Amino acid sequence: MSYAITVRLSAGFGPTLDRVRAALKDQGFGVLTEIDMRSTLREKLGIGMEDYVILGACNPPLAHRAVQADPAIGLLLPCNVVVRAEGPDTTVVQAMDPQVMVQLSEAPELWAVADEAAARLRAALDAVAT
């Protein structure tokens, strides 16, 4: 079972990252955190790697519904979206599939939240891909 929603683009990293941020915003997600893995690993370990950014995306109404259904679900929030270079002209965008995450909870109310979150994340990634 795949735990990611994935799109591959024939596009540069920087413009793709900007498009991902805009597409997430269009779907009601704000970016709460941004982790530049390339910079962090270079600084902390002296290791080089391709561009790789993790965006912590949150849709507040969906997050509120999820926490109301299962307070422990905050351990799996926000929704992580990865934008990473795969060579000079290819960028991969991946989002954690909320429908996979929700399987860790026993709260049946979370399924509807996960369905909506997954639909919004898929729409965002589809918008980036077109």
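Nothing charged except the Cβ atoms of Lys and Arg (+1) and of Asp and Glu (-1): what's the magnitude of the dipole of the chain about its Cα centre? Round to the nearest 20 debye. Can you show the working numbers first?
Values: 11 positive and 16 negative charges, 45 e Å.
For the chain, the charge dipole is close to 220 debye.
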From fewest to most C-beta neighbours within 10 Å, the residues Arg42, Arg120 line up as Arg42, Arg120
Under 16 Å by backbone N from the virtual spin label 7 Å along Cα-to-Cβ at Tyr3, the residues of the range 79-95 are 79-82, 94-95
Contact order relative to length for the range 4-123, counting C-alpha pairs under 8 Å separated by 6 or more residues, stands in percent at 31 percent
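Which is the longest part of the chain that has none of the GluC sites (Glu not before Pro) sitting in a DSSP loop with at most 15 other Cβ atoms within 10 Å?
With GluC sites (Glu not before Pro) excluded where exposed in loops, the chain gives 1-49 as its longest stretch.
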log10 I(q)/I(0) for the range 39-108, Debye formula on C-alpha points only (no solvent), q = 0.18 Å⁻¹, two decimals, reads -0.78
For P(r) over Cα pairs in 10 Å bins from 0, in percent the list reads (1) 13, 42, 31, 13, 1; (2) 15, 41, 27, 13, 4, 0; (3) 11, 33, 27, 16, 9, 3, 0; the calculated value is entry (1)
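Fewest first, what order do Val128, Val7 take by the number of other Cβ atoms within 10 Å?
So the ranking, lowest neighbour count to highest, is Val7, Val128.
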Exposure proxy check on Thr6, Thr90, Thr130: fewest-to-most Cβ neighbours within 10 Å is Thr130, Thr6, Thr90
With only helices counted (DSSP H, runs n ≥ 4, each -39500 (n - 2.57)), the per-residue ellipticity at 222 nm for the chain, to the nearest 500, works out to -13500 deg cm²/dmol
Checked against the positive end of the charge dipole of the chain (+1 on Cβ of Lys and Arg, -1 on Cβ of Asp and Glu, about the Cα centre), the farthest of Ala22, Ile47, Ala69 is Ile47
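Where a number appears in this text, it was derived from the coordinates with a stated rule and is not lab data. These figures come from a predicted structure and were not determined experimentally. Glycine also receives a Cβ, built like all others from the backbone with ideal geometry; neighbour counts cover every protein chain displayed.
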